Amino acid sequence: MENQYRIIHFNLNGKDVTCMTDVRASLTDLLRNDFRLTSVKKGCEVGECGACTVLINGEGFNSCIYLAVWADGKQIRTLESLLGPNGELSDIQQAFIDEAAIQCGFCTPGFLLTAVEILESGKLYTDAELRKLLSGHLCRCTGYENIFKAVKKTMYRRLGQPYPDA
């Protein structure tokens, strides 16, 4: 059998890293076990719930169905990348608090990273488009409306647009 382990190099939350990984390991397992990034949640492990979402070169992926070796040469961002240098929260994290968009918190890191992808696009999405973009996440506490509102308000704020009061 071909070598089961491979050395990979990638950028993790702004830092270049090198590690050896099993070619069968998921990116979720690599991030949690080797880098102790526990914001990457193990939910369904089949790419259905979104709890393990990370940004790879700026695009959201379910890291549970993304092999760690595929991260070679890529830029990976987890929730930990959102904190400021002195631990201050990003605007979207603060919006989740302000809108009570966090209940048990298990789905929150994945939702936040998808929100970052949405916000960094610089586009003004319709409600229907926002709902579709956020639809890859399951929240067992049914906090969807508050999560939606937090993302929408932050999108309008970042674009310098007045928030349409419904």
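The values are calculated or read from the model by the stated rules, or taken from the named source; none is laboratory data. From a predicted model like this one, the values you see are computed outputs, not experimental measurements. We place every Cβ from the backbone using ideal geometry, glycine too, and count neighbours over all the protein chains shown. For accessibility, only protein heavy atoms count, side chains too; no ligands or nucleic acids. Shrake-Rupley method; radii C 1.70, N 1.55, O 1.52, S 1.80 Å.
Structure data summary
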{"item": "Pairwise centroid distance, computed over Cα atoms, of the stretch 100-154 with the stretch 1-48, Å", "result": "25"}
{"item": "Relative contact order [Cα under 8 Å, 6+ residues apart], the chain, whole percent", "result": "22"}
{"item": "Cα principal axis extents for the stretch 91-158, largest first, Å", "result": "29, 22, 17"}
{"item": "Spin-label model distance (nm) - E88 vs T142, 7 Å beyond Cα toward Cβ", "result": "3.8"}
{"item": "Cα gyration tensor shape for the stretch 28-79, rounded if a/c is under 1.5, else prolate or oblate", "result": "rounded"}
{"item": "Selected from A128, A68, A95 as most flexible by GNM, with the chain as the system and alpha-carbon contacts under 10 Å", "result": "A128"}
{"item": "Per-pair calculated FRET efficiency, R0 = 35 Å: V46 and D72 via Cβ, rounded to 0.05", "result": "0.90"}
{"item": "Solvent exposure ordering (accessible area, 1.4 Å, most first) of M155, M20", "result": "M20, M155"}
{"item": "Proximal charge balance of L124 [Cβ under 13 Å; K/R count +1, D/E count -1]", "result": "+3"}
{"item": "Per residue, the convex hull volume that the Cα atoms of the stretch 21-166 enclose (Å³)", "result": "116"}
{"item": "Carbon and sulfur %, accessible surface of the stretch 1-139 computed with the full protein complex present, 1.4 Å", "result": "51"}
{"item": "Ranking by accessible area, most exposed first, for E88, E120 with a 1.4 Å probe", "result": "E120, E88"}
{"item": "The stretch 91-158: relative contact order in percent, alpha carbon pairs under 8 Å with at least 6 residues between", "result": "55"}
{"item": "Heavy-atom accessible area per residue - the chain, 1.4 Å, Å²", "result": "54"}
